[in-house]
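What follows is a set of notes on a single structure, which appears directly below.
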Amino acid sequence: MTWSITEANGGVTFSVRVVPRSSRNQIVGVEGGALKIKLTAPPVEGAANAALIEFVAERLGVRRSAVSIVSGDKARNKIVRVNGVAREQVLKKV
């Protein structure tokens with residue numbers, strides 16, 4: 001995968017492209033330097049953001065509180081921050 005992931009201050013930051021209203025939650029690859037994630041949730045009232053946080057936390061084995069959306073709250077392209085993990089851990093689990 002050629003996707004940008006930065007490690008700093010006890011966590012990692014990476015780009016995500018969200019595809020809402022999919023048949024299931026899954027990682028489908030890399031698009032434009034961002035990890036492409038399909039989610040079942042619709043993009044209304046923060047449902048897709050909540051589903052993204054839950055999916056990333058579950059996938060990486062961290063608490064939901066360790067995952068945050070740094071930017072792109074209302075866009076499909078987002079920057080996600082995960083505290084308490086190293087770059088290598090993320091690459092292995094994704």
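Every read-out reported here was derived from the displayed coordinates using simple, explicitly stated rules and does not represent laboratory data. Model, not experiment: these values are computed from the prediction. As a convention, Cβ positions derive from the backbone with ideal geometry for all residues, glycine included, and neighbour counts pool all protein chains shown.
For the chain, the 222 nm mean residue ellipticity estimated from helices alone, with every DSSP H stretch of n ≥ 4 adding -39500 (n - 2.57) and the total spread over all residues, rounds to -6500 deg cm²/dmol. For the chain, relative contact order (Cα pairs under 8 Å, six or more residues apart, normalised by length) works out to 31 percent. Proximity of backbone amide H atoms, modeled 1.01 Å from N, is registered between Val85 and Val12 at under 5 Å, excluding neighbours fewer than 5 places apart on the same chain.
Please get the size of the charge dipole for the chain, origin at its Cα centre, with Cβ charges of +1 on Lys and Arg and -1 on Asp and Glu, quoted in debye to the nearest 20. Before the final figure, lay out each step's value.
Working: 15 positive and 7 negative charges, 37 e Å.
So the dipole magnitude of the chain works out to roughly 180 debye.
The amide H of Ser22, built 1.01 Å from its N in the peptide plane, has Leu39, Thr40, Ala41 as neighbours under 5 Å, considering only residues 5 or more places off or on other chains.
How tilted is helix 47-60 with respect to the longest principal axis of the chain? Cα atoms for both, answer in degrees (0 to 90, nearest 10). Result, in degrees: 40. In this structure the amide hydrogen of Val30, modeled in the peptide plane, comes within under 5 Å of the amide hydrogens of Lys36, none closer than 5 places in sequence on its chain.
If you take the beta carbon distance between Ala8 and Val44 as r and set R0 to 35 Å, what does 1/(1 + (r/R0)^6) give as a FRET efficiency, to the nearest 0.05? If you can, show how the numbers build up before the last one.
Details: r = 33 Å, r/R0 = 0.93.
In this case the efficiency is close to 0.60.
One quarter of the surface of the convex hull around the alpha-carbon atoms of the chain equals 5.3 nm², the direction-averaged projected area.
With θ taken as phi - 60° and the Karplus curve 6.51 cos²θ - 1.76 cosθ + 1.60 applied, the whole-hertz 3J(HN,Hα) list for region 67-76 is 10, 9, 9, 6, 8, x, 3, 10, 10, 6 Hz, x standing for glycine and proline.
Using θ = phi - 60° in the Karplus curve 6.51 cos²θ - 1.76 cosθ + 1.60, the 3J(HN,Hα) couplings for region 80-94 round to 10, 10, 10, 8, x, 10, 9, 3, 4, 4, 5, 4, 5, 8, 9 Hz; x is entered for Gly and Pro.
For region 38-94, run through the GluC sites (Glu not before Pro) and keep only the ones in DSSP coil with at most 10 other Cβ atoms within 10 Å of their Cβ. Mind showing how you got there, number by number?
On the way: sites: Glu45, Glu54, Glu58, Glu88; in loops: Glu45.
Of the GluC sites (Glu not before Pro), the ones in loops of region 38-94 whose Cβ has at most 10 other Cβ atoms within 10 Å are Glu45.
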